[in-house]
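Contents: one structure, followed by commentary.
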Amino acid sequence: MDKFYITTPIYYVNDVPHIGHAYTTIACDVQARFHRLLGKAVFFLTGTDEHGQKVQKSALTRGLSPKAHADRLIENFKSLWTALNISNDAFIRTTDKEHAAVVQTMMQQLKDSGDIVRRQYEGWYCTHDEMFLAKDDLKDNQCPHCHRDVEHIKEDNYFFLMGKYQDRLIEHIESHPDFILPRTRRNEVLGFLKNAELGDLCISRPVQRLSWGIPLPFDQDYVTYVWFDALSNYYSATRYLSPMRYSVEWWPSEHHVIGKDILITHSIYWSTMLFALGWPLPHNIFAHGWWTVDGRKMSKSIGNVVDPLEMIQTYGVDPFRYFLLKEVPFGLDGNFSREALINRINSELANDFGNLANRVIAMVFKYFGGKVPEPVQEETAMKTLAEGILDRMQDALKTFAFHQALDAIWELVSHTNKYIDETAPWRLAKDPQHKERLQTVMYSVIEALRFLAMYLHPFMPESTQKLWEQLGQQSQLAEVNLIDKAKWGKLLPGTLVHKGKPLFPRIDK
Ligand code: ME8
Ligand code: MG
C-alpha cells in the first residue's frame, strides 16, 4: 500500500503554544489531508517532549510530580490542535511507557555494538539550557545561548560516538538531494559537516542531578532525556501508535517537518543514531523558516507572542490556516501582522472566493430553482484548467510549496470570476433563446466550485465542507478520493444546491 508518514517536532510540554507551533502543525495537517484525499494510507504524528530539568523544576514549584504536571500541560496542545482542526492520527508523549521501552531497547543495542561508551566529562554546563559547553563556546564566561552563569563539572557520563558516521552522513546527503530541504538548509548542514569534526554526544545525566528521564537499561544511576529520548519518538510511535501497524511498516517516515532551529539535531544526531542502529533514514527532513511578529522576535518579555486561539476566535480557523501558508513561501522566514492577515481575508477569501460561491449559488436559485442544470456543451478551457490543478498541487506539495499550490487553485478562482463577468448569465437569462447557453454557463461555474471545495479542503477543512454541502453533496469531503472525483462532469445535473451564510465574512479594519 502507498503510505505517507509525516511528523511534527514533539513540542516541549512546558511551552505555551504560539503561532510557531501552530505553523508547523498546520503545514503537516495540510499534507496529511491532501495525501488522504489521494487515497494513501496516512500516519500523521505530533506530540510532546516531556522529560528534562525544566519540567522537573516547574513541577516541583507547583508541588506536583513531573508526570502530573505534564498531564495538565498537554491539554494546552491538545485543545489547540482540536481548535485548529488538526487531523493527527496519534499524539505521542515521551512519558508513554511504550516509548520508554523502545528507547531502552535502542540504547541497549547501541551499547552492545560499542556505539555508546562511558567516559569522564570535565567542562562547563548550563543548567538552564541543559547543555554541555566547551571553553570556546562560552561568552564572557557565560552560556552563549541564555547568557546565564555556567557550572564547572566533572562527572562520568555515557556518550554516543556519532563521529564514526560523519563521512557516511556526508555521502548520504550528497547522494540524496531531497533528504534535507530546502536546498539552502541542505548546503548549511553539508558545510557544517565538512568543516568540523563531529564530537561524541553526551546522552545521559546522573540520576542525582536529574531523575526526570528514561533510566538507562545498563546503568540505573543514569537517565537519558531530551534529544536521544525525543528523536526516538518518530520510530517508537510506529511500534505502538500508528494505524494499521500490523499490516503497514511505517518506518522510515516520508517527512520530518521541523523549524530551522532544530535542523542539526534532526539531520545529524538522528541520522547517525539510525546509521548506528542499522535502520533506514527518513526520506526527508524539511526545515521551515521563522516567524517574527511586526518585525520583531516573538518573546514573552516584549509581550508580542501571538496566541493562535485568539486568532481563531477573532478571524476564524480557516482564514488563519490559509494565511500562514499563503503569506510566506514555506522554508523562508516570515513576518506576522494582523493587517496582512485582514487584507488577505478581505481580498482573497471574502472577495475572490467567498463572493464567487455566494453569487453562483444565488444564481442557481434565481435561474434554475436551486437545481444544477444540464450542460449542453463542455467548457474545455475551464475543464482543462480545473483537472490540471491536481498534478500541479502534487508537484508543489512534494517540495512543500504551499503558496504555489494555492496560486494554482486561485487561477481557477480568477478564471471562474472572469468567465461569469464575460458570459453575463443575468443577460442570458433575459432571453429564452439563450436558455441552453445559460445552462452550460451555470453548470460550468457550479462544477468549478466543486473542484475548488475539493482542492482547498486540505487548507480550509471547515469552510470547504460547508461549501460542499451547499453544493448538494452528501458525503464527507475528507473521505472523497481526488483521483476519482477531480474529473470534470462528475457533478450530477438535478442536484439541489443550498443557500448558506457567507463562507468568509469581511473583517472591518
Ligand atoms: O525544540 N517560527 O520543541 P519546541 C516558526 N522538543 N516555527 C516555530 C517558531 C517560530 N517563531 N517557534 C517555534 C523542541 N516553532 C524539541 C523538539 S523533536 C524530536 C524535539 C516551531 O517546543 C518549529 O517547528 O521548542 C520549531 O522547530 C519547534 O516549534 C520547536 O518547538
Ligand atoms: Mg524551542
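Inverting the pair-averaged 1/r between distinct Cα atoms of the range 335-383 gives 13.4 Å as its Kirkwood hydrodynamic radius.
For the chain, the Kirkwood hydrodynamic radius comes to 25.2 Å, computed from all pairs of different C-alpha atoms.
Distance from the Cα centroid of the range 207-262 to that of the range 35-50 is 17 Å (rounded to whole angstrom). Each peptide among 23-31, 466-474 gets the average number of other Cβ atoms lying within 10 Å of its residues, and from highest to lowest they stand as 23-31, 466-474.
Pairs from the table (Lys40/Lys509; Lys398/Lys418; Lys97/Lys194; Lys3/Lys67; Lys40/Lys97) lying more than 32 angstrom apart at Cα are Lys40/Lys509; Lys97/Lys194; Lys3/Lys67. The equivalent ellipsoid of the range 250-350 has semi-axes of 34, 16, 11 Å, largest first, where each one is the square root of 5 times an eigenvalue of the Cα gyration tensor. Ligands, DNA and RNA left out, the 1.4 Å accessible surface of the range 244-309 is 55% carbon and sulfur atoms. Based on protein heavy atoms only, the range 107-252 ends up with 50 Å² per residue of surface accessible to a 1.4 Å probe. For the range 158-303, the ratio of Cα radius of gyration to the globular rule of thumb 2.2 N^0.38 Å stands at 1.18.
Bridging of Lys501 to lysines at a Cα separation below 18 Å is possible for Lys366, Lys466, once same-chain residues fewer than 8 apart are set aside.
Ignoring ligands, DNA and RNA, what percent of the 1.4 Å accessible area of the range 374-509 is carbon and sulfur? Ligands and nucleic acids excluded, carbon and sulfur reach 49 percent.
When you work out D = kT/(6 pi eta Rh) for the range 1-112 at 25 °C and 0.890 mPa s, using the Kirkwood radius from C-alpha pairs as Rh and the Stokes-Einstein form, the result is 159 µm²/s. Rolling a 1.4 Å probe over the heavy atoms of the protein chains gives the range 21-63 an accessible area of 26 Å² per residue. For the range 209-279, the alpha-carbon coordinates run over 40, 32, 22 Å along the three principal axes, in decreasing order.
Based on protein heavy atoms only, the range 380-509 ends up with 47 Å² per residue of surface accessible to a 1.4 Å probe.
Taking only protein heavy atoms and a 1.4 Å probe, the accessible area of the range 52-203 is 46% carbon and sulfur. Residue ranges 421-430, 276-285 sort as 276-285, 421-430 when ordered by packing (mean number of other C-beta atoms within 10 Å per residue, highest first).
Within straight cross-link reach of Lys139, meaning Cα distance under 20 Å, which lysines are found once same-chain residues fewer than 8 apart are removed? By straight Cα distance, Lys139 reaches no lysines at all. Helix content alone sets the calculated 222 nm mean residue ellipticity of the chain: runs of n ≥ 4 DSSP H residues at -39500 (n - 2.57) each, divided across all residues, give -13500 deg cm²/dmol. Cα centroids of the range 76-90 and the range 269-299: how far apart, whole angstrom? A separation of 21 Å, based on Cα centres.
The alpha-carbon of Lys300 sits under 18 angstrom from the alpha-carbons of these lysines, leaving out residues fewer than 8 places away in its chain: Lys54.
The values are calculated or read from the model by the stated rules, or taken from the named source; none is laboratory data. Just so it is clear, the structure is predicted and the values come from calculations on it, not from any experiment. Cβ coordinates were reconstructed from backbone atoms using ideal geometry, including for glycine residues, and neighbour counts include every protein chain displayed. Accessible surface areas use protein heavy atoms only, side chains included; no ligands, DNA or RNA. Shrake-Rupley method; radii C 1.70, N 1.55, O 1.52, S 1.80 Å.
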